[in-house]
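One structure below.
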Amino acid sequence: MHDGQKTQQLGTYTSCALQLCPEGYMPTLADIYEDQAEECLRAAAKADDPQRRALMLKLAHAWRADAEALKRGQKLQPASAPRKAKPFGRGAE
């Protein structure tokens with residue numbers, strides 16, 4: 001997290017990533033990834049389906065690993081290779 005700063009909105013806490021905090025703090029990408037990991041952990045805790053729980057835990061781990069990599073200054077690699085766009089419109093076939 002980022003110095004424990006949270007903003008209360010509609011009875012729930014939301015990340016400062018969605019808006020500027022009162023002191024003008026702008027979260028880093030690593031902060032945002034940590035917030036995503038926390039959301040996944042909360043979703044896993046609420047999941048009734050074991051497969052969904054496992055997926056949410058896997059996603060939380062991936063978000064957290066990427067956040068840590070960013071904090072170490074490493075470049076992130078895409079999960080898959082970029083794909084070339086398929087042509088569309090007349091004569092695309």
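With the condition kept exactly as written, say whether any residue in the stretch 54-75 is at pLDDT below 90, within 18 Å of the chain's Cα centre (by Cα) and loosely packed, with under 10 Cβ neighbours inside 10 Å. Taking every residue of the stretch 54-75 in turn, at least one turns out to be at pLDDT below 90, within 18 Å of the chain's Cα centre (by Cα) and loosely packed, with under 10 Cβ neighbours inside 10 Å. Look at the stretch 64-81: where a residue is of a type in the set (Phe, Trp, Tyr), no partner that is modelled with pLDDT of 90 or more and assigned to a loop (DSSP other than H, G, I, E, B) sits 6+ places away or on another chain with Cβ atoms under 6 Å.
The values are calculated or read from the model by the stated rules, or taken from the named source; none is laboratory data. What you see is a predicted model, and the numbers here were worked out from it, not measured in a lab. Cβ coordinates were reconstructed from backbone atoms using ideal geometry, including for glycine residues, and neighbour counts include every protein chain displayed.
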